[in-house]
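See structure below.
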Amino acid sequence: MNIETVEQDDRSPSKTEAALPSHTGVILAVVIAACFLDVVDFSVVQVALPSIQREFHETLASAQWIIGVYGLTMAGFLMISGRAGDLYGQKKIFVIGIVGFALSSLTAGFATSLLVLVISRGIQGVAAAMTTATALAILAATYPEGPKRNKAFGVLVAVLSAGFAAGSILGGVLTAALGWRSVMFVNVPIGAVAAFLAYRYIALDGGRAAGTRLDVPGAVTVTVGLVLLVYALTNAASVGFNTLQTGVPLGLSALVLAGFLVIESRSTSPLMPLSFLRRRTVLEANTLSILMTASAGGFLLLTVYLQGTLGFSPLYTGLAFLPPAAVFFFVGGWGSSRLVNRLGMKRTLVLSAGLVTLGSVLLVPISVETGYLGVLPGSLAWALGASIGFPALAMAGLAGTKPGEEGLASGLIQTSQRLGFPLGLAVLLTVASAFDPLLGVTGFRYAFLGSTVLGAFGLGLAILLSRSHVPSPDETASHGPSLVDEDG
């Protein structure tokens, strides 16, 4: 049984749901706009950071919290946001998130101190978690599993990839022409239009997880645990793992998340039923997502290499990443969905993980003599694999979900991606520093060797996933997940 042929929910659609297909294009555009705000905002604020630092006369370490607090709250609130969408309606949480993002952007633009700006950015992160966690669930409810959903996910990833690259350019232009506050204000009109269109065209579902309530103890523990984990990994990227700054929050995170699992095992209405996490395909898709996103930490190391070792200017460094960005845009948007439709989800994931691993292998012999052309083949191979892999992982993370699980699945797969990057960056920097404290060419080689190991683990998991069967909702409810081969 192929993953695209998972049986659909046989409930009779409401009048609102029946009318939904005529607005699928608008709904996709609204979802893209909301997610685009998150991606662009991250990159434009990064560019504007030096200007903000100078205006408030703060140290770089203090100013980094403008970016750091956003990442912490974003990652911490994805799970609870996705589950809240299942309970109270994806549309309701999605619209609240867009409005909250626009209003917090407004207060950030008018911030009179760094503290006000950091608080506003923290609220932005929560709002972004609400829109991002429900976005995939809304697409899953709008497009049935198969070619149309695959194409929609591919287009979403392509636009977001282009948005990340465009954000750096937009941030530079806005900051230079109108000041850093314009970077915050630009989100307001976009958010207002997106909120109106979402309210107008997305169907009001009222929550599909019937007979359940929000697990408050579980929500609190998973959010606190994830925030502590991301904070620890962020510290590890700067000061290493063998420090109190990393060890204390990492230990506390382990304790809190262990408490979360205990709470979920005893709860009559768990935030994340452990039976859901034990599904083989769910576990493997999320683990593969973490490993593939972790390898993306190598791209940040490439920016350090290009500027610090090869002496590229920030502009030339940005231009150097245009070829892999183009691969993400064209292959991710149009090639990924076609590959999934032609090869099947699982074979596509194997191909993706193989290309990601190959990209890391090609970057291991990095040297000053080969220059930019020496890193181009590896970066292109990695981008090719990741561009077809990220949409496929999003599809795999939501495949076979029962009604009322869409938000849970969406929040979980995106939490995995948010955890993967700081984890990979911390691991790769630790490996590089261990062999080369000055982070020279030798350090970069060992870092990409570490990235190759991560990729190899991901490839092994993808092969395991290719041999497992994704159950339909009915099979999951009555028999549990089957592990027969996809083609069996």
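Considered as a group, the residues in the stretch 354-378 that are surrounded by 24 or more Cβ atoms within 10 Å (Cβ to Cβ) and among the small types (Gly, Ala, Ser) include one that is farthest from residue 155 (Cα to Cα), and that residue is 360. Within the stretch 230-251, being within 22 Å of the chain's Cα centre (by Cα) and either among the hydrophobic types (A, V, I, L, M, F, W, C) or at pLDDT below 85 (or both) holds for 230, 232, 233, 234, 235, 236, 237, 238, 250. Tell me, yes or no, whether the stretch 73-91 has at least one residue that is among the basic types (Lys, Arg), farther than 13 Å from residue 45 by Cβ and in contact (Cβ under 8 Å) with a residue 12 or more places away in the chain. Yes: the stretch 73-91 contains one or more residues that are among the basic types (Lys, Arg), farther than 13 Å from residue 45 by Cβ and in contact (Cβ under 8 Å) with a residue 12 or more places away in the chain. Within the stretch 267-323, being within 15 Å of residue 383 (Cβ to Cβ), more than 16 Å from the chain's Cα centre (by Cα) and part of a loop (DSSP other than H, G, I, E, B) holds for one residue alone: 321.
Against the numbered list (1) in contact with a Phe, Trp or Tyr (Cβ under 9 Å, 6 or more places away or on another chain); (2) modelled with pLDDT under 75; (3) surrounded by fewer than 22 Cβ atoms within 10 Å (Cβ to Cβ), residue 436 comes up short only at (2). In the stretch 88-109, the qualifying residues are those that are among the aromatic types (Phe, Trp, Tyr) and at pLDDT 90 or above, and the one that is farthest from residue 74 (Cα to Cα) is 94.
Condition check: under 30 Å from residue 399 (Cα atoms), of a type in the set (Phe, Trp, Tyr) and surrounded by 15 or more Cβ atoms within 10 Å (Cβ to Cβ). Does residue 312 satisfy that? No, not satisfied. Residues in the stretch 249-262 that are in contact with a helix residue (DSSP H, G or I) (Cβ under 6 Å, 6 or more places away or on another chain) and either without any contact (Cβ under 8 Å) to a residue 24 or more places away in the chain or surrounded by fewer than 19 Cβ atoms within 10 Å (Cβ to Cβ) (or both): 5 in all. Here residue 388 passes the criteria (1) touching a residue at least 60 places away in the same chain (Cβ under 8 Å); (2) within 20 Å of the chain's Cα centre (by Cα) except the one numbered (1).
Do we find a residue being crowded, with 18+ Cβ neighbours inside 10 Å, of a type in the set (A, V, I, L, M, F, W, C) and at pLDDT 85 or above anywhere in the stretch 137-150? Yes, the stretch 137-150 has at least one match.
State yes or no: is residue 303 closer than 18 Å to residue 447 by Cβ, in contact with a helix residue (DSSP H, G or I) (Cβ under 7 Å, 6 or more places away or on another chain) and open to solvent by 10 Å² or more (accessible area, probe 1.4 Å)? Yes: the conditions hold for residue 303.
Residues in the stretch 325-373 that are on the phi < 0 side of the Ramachandran plot, assigned to a loop (DSSP other than H, G, I, E, B) and in contact (Cβ under 8 Å) with a residue 24 or more places away in the chain: 364, 365, 366, 367, 368. Across the stretch 100-109, the qualifying residues are those that are under 21 Å from the mean Cα position of the chain (by Cα) and surrounded by fewer than 23 Cβ atoms within 10 Å (Cβ to Cβ), and the one among them that is nearest to residue 140 (Cα to Cα) is 100. Consider residue 381 against the criteria (1) modelled with pLDDT of 80 or more; (2) open to solvent by less than 10 Å² (accessible area, probe 1.4 Å); (3) under 24 Å from residue 450 (Cα atoms); (4) under 21 Å from the mean Cα position of the chain (by Cα): it satisfies all of them except one. Which criterion is unmet? Just one mismatch for residue 381, condition (2). Flag not set for residue 112, criterion: buried (at least 20 other Cβ atoms within 10 Å of the Cβ) and modelled with pLDDT of 85 or more. If you check residue 351 against the conditions, is it of a type in the set (A, V, I, L, M), under 30 Å from residue 151 (Cα atoms), at pLDDT 80 or above and open to solvent by 30 Å² or more (accessible area, probe 1.4 Å)? Considered against the rule, which asks whether it is of a type in the set (A, V, I, L, M), under 30 Å from residue 151 (Cα atoms), at pLDDT 80 or above and open to solvent by 30 Å² or more (accessible area, probe 1.4 Å), residue 351 comes out as yes.
The values are calculated or read from the model by the stated rules, or taken from the named source; none is laboratory data. All of these numbers come straight from a predicted model, not from anything done at the bench. All Cβ positions, even for glycine, are placed from backbone atoms using ideal geometry, and neighbour counts span all protein chains on display. Please note that ligands, DNA and RNA were not included when accessible areas were found on the heavy atoms of the full protein model with its side chains. Shrake-Rupley method; radii C 1.70, N 1.55, O 1.52, S 1.80 Å.
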